[in-house]
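Beneath this line is the structure, given in structure tokens, with notes to follow.
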Amino acid sequence: MGSNLARKLIESHLVEGSMDVGQEVGIRIDQTLCQDATGTLVMLELEAMGLESVRTEVSVQYVDHSLLQVDFRSPDDHLFLRSAAQRFGVWFSRPGNGVSHPVHMERFGVPGKTLLGSDSHSSAAGSLGMLAIGAGGLDVAVAMAGEPYYLVMPEVMGVWLTGELPDWVSAKDVILEMLRRHGVAGGRGKIVEYSGPGVAALSAMDRHVIANMGAELGATGSVFPSDDETRKFLRSQRREDAWVPLSADDGAEYEERDEIDLSALEPLVALPTSPGNVVPVRDVAGKEIYQAYVGSSSNPALRDFATVAMIVDGRQAHDRVSFDINPASRQVLENLAALGYLEKLIHAGARIHQAGCNGCIGMGQAPATGKISLRTVPRNFPGRSGTKGDQVHLVSPETAAVSALTGVITDPRTHDAPYPRFVEPEEIRINTDMLLEPPPPGTPVELEKGPNIKALPSFDALPEALEGPVLLKVGEDVSTDEIMPAGARVLPYRSNIMEISRFVFGQVDETFYSRAVDHGRTPFFVIADGNYGQGSSREHAALAPRYLGLRAVLARSFARIHWKNLANFGILPLTFLNEEDCARIEQGDQLVLPGIREAIEAGGAVVVRNATRNEIYELEHALSSRQVEMVLAGGLLNVVKAGL
């Protein structure tokens, strides 16, 4: 039987381990990607390691998240990142140049290469036939230092596509259909690989939409073949020489299979407050909206904005609707202007924002209280928009545009005009002037640090035993947005762990920080239900709680990236052997983990005693021997610093 493409990509980069599902493997990383909300820590970690220059083929630092400059903190970080990129040999994408994922696809993506990004949506590069994986910043920093990236060998889910998308249905509806079928944990421990005759009917940027939101499935990555559409895209970017054909073998094997007939899809919407809460748009049509928002990393193509411009051409957005346009890259913005589409959007009442993440990460554009916001963004976790109790619905550009005109959620198929199919010009404007190339190796560059940029805290090794209270108990599918919020109030502190720790679990329990401080930042525990830590790769959601004293999370299951981030910072991720035990523990209970160092080293069950209830529970860890050494040492940074 033949090999699937995902396994081929892993095999071609394998440096350690056996490709048996469930076993840890180490792979060589060709490219890395950082954005500013996570990149500040990556650069501080490189400094802490004493690294002189990155050892990857290409590393790029983007500034796309914290563009709202309400005081000195974000501008200071931008200057710090520019200086760090110059010092460590990293490309620098200036503020306003665009969102990392589409810009990286335009300028740096190469079929067959590996990409590790300190953003969960780095999986978007799988649209070009890359093995692209989102990870915590420390994993990315270590990869930039030339070390392998370690992951548990995933299963591969093969999704066979047939047919072509009908009018008023687009790529966003494909990934929403996947989420409707499989939910936000359906891709955990898997790479999703798309193939079949329907793939040829999807452009490279259509594939970007689907691969980007593979992160919402919990997938390790998403992979498309590199074919004529890939070549066409690279040709349009004047990088056709980077193209190579890649595909699965005939008769390729997969651990799981699914099939989607593209021609049978209809407009879909993910209701609050989960990307997996998907229903047909027709089921909720008629509900009044406040906002229609087009853009973000998950719908970044020139096609997405041009289609919206043609839908609203000569019309006006409803008077109570905030019609927000967020160009995903400066290149897209320039081409919208050159082709006349920007004028159509402006005339229709659109509010044009700078190229970047903006409202997707809660940096402005927050919706009104209790009002519906239709967004083409990838996530709608509670409060992520910046409005408490927000009503963010995830939709396609077509649904957002038609609804902006009517003022209510509208099935775009009912629109009173023909569907405008956009045909991209063979030649588009290319502008690379906002990408700063690194200087020659050895060029002396001093790091430019403002007063808000603080060194990383140091952490001690795991003690012989752990004892402390359950300071918090949370339910299922808790996201990293709830553990460590983003938004205009919080993101400016991302280079200052001491200050940003004030916001830990603030979305869940506003008293948490004061209780952690009252506890003296000594060891405590968190109890969680399933899929703990889904969503963003931000390692602040592990690092800041560790600073406050978190030493172990006891859960029914974990999301992939957050599980790794916990271990990277010396926090034990423990899973209940008897899931019913999770319900027996209450917030405030005093837990004892006797002989924990010995138990972790020995493997097998970890015994936890509830001193409050006089009960014993058995848990397990899935740490590899490499990770055990790391946790015992107090975290990955301690191990790397000792070895460099």
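No other residue among E52, E11, E106, E47 is more than 20 Å from the chain's Cα centre (by Cα), farther than 23 Å from A248 by Cα and assigned to a helix (DSSP H, G or I) apart from E47.
If A567 satisfies every condition in (1) among the small types (G, A, S); (2) over 24 Å from E16 (Cβ atoms); (3) in contact with a Leu (Cβ under 8 Å, 6 or more places away or on another chain) but one, which is the exception? Condition not satisfied by A567: (2).
In region 156-178, the residues that are on the phi > 0 side of the Ramachandran plot reach residues that are of a type outside the set (F, W, Y) and part of a strand (DSSP E or B) with C-beta atoms within less than 7 angstrom, at least six apart or across chains, in these pairs: G163/D261. Within region 550-564, the set of residues being of a type outside the set (A, V, I, L, M) and either in a helix (DSSP H, G or I) or touching a Leu at 6+ places or on another chain (Cβ under 7 Å) (or both) comprises R551, R560, H562, W563, K564. From the list S298, S322, the lone residue that is at pLDDT below 95 and outside the structural domain of V209 (by TED's automatic domain parsing) is S298.
Of the listed requirements (1) outside any helix (DSSP H, G or I); (2) touching a residue at least 60 places away in the same chain (Cβ under 8 Å); (3) farther than 25 Å from R626 by Cβ; (4) among the polar types (S, T, N, Q), Q69 misses just one: (2). If you go through region 427-439 and keep only what is in a loop (DSSP other than H, G, I, E, B) and closer than 20 Å to L333 by Cβ, you end up with E427, I428, R429, I430, N431, T432, D433, M434.
Checked against (1) under 20 Å from E539 (Cα atoms); (2) part of a loop (DSSP other than H, G, I, E, B), G22 meets all criteria but (1).
Any residue at all in region 342-358 that is of a type in the set (A, V, I, L, M), under 17 Å from I430 (Cα atoms) and touching a Gly at 6+ places or on another chain (Cβ under 9 Å)? Looking for residues that are of a type in the set (A, V, I, L, M), under 17 Å from I430 (Cα atoms) and touching a Gly at 6+ places or on another chain (Cβ under 9 Å), one finds at least one in region 342-358, hence yes.
In region 46-74, the residue that is modelled with the lowest pLDDT out of those that are surrounded by fewer than 19 Cβ atoms within 10 Å (Cβ to Cβ) and over 28 Å from K113 (Cβ atoms) is V70. With respect to the conditions (1) in contact (Cβ under 8 Å) with a residue 40 or more places away in the chain; (2) touching a Ser or Thr at 6+ places or on another chain (Cβ under 8 Å); (3) buried (at least 19 other Cβ atoms within 10 Å of the Cβ), N326 lacks only one, and its number is (1). No other residue among S495, S536 is crowded, with 24+ Cβ neighbours inside 10 Å, closer than 17 Å to N568 by Cβ and among the hydroxyl-bearing types (S, T, Y) apart from S536.
Of all the criteria given as (1) out of contact with any Gly (no Cβ under 6 Å at 6 or more places or on another chain); (2) of a type in the set (A, V, I, L, M); (3) under 19 Å from L462 (Cα atoms), the one not satisfied by I585 is (3).
Restricting attention to region 281-323, report how many residues are surrounded by 24 or more Cβ atoms within 10 Å (Cβ to Cβ) and without any contact (Cβ under 8 Å) to a residue 40 or more places away in the chain. Residues meeting the conditions: 1.
The values are calculated or read from the model by the stated rules, or taken from the named source; none is laboratory data. These numbers come from a predicted model, not from an experiment. Quick reminder, even Gly has a Cβ in these numbers, built from the backbone with ideal geometry, and neighbours come from all protein chains shown.
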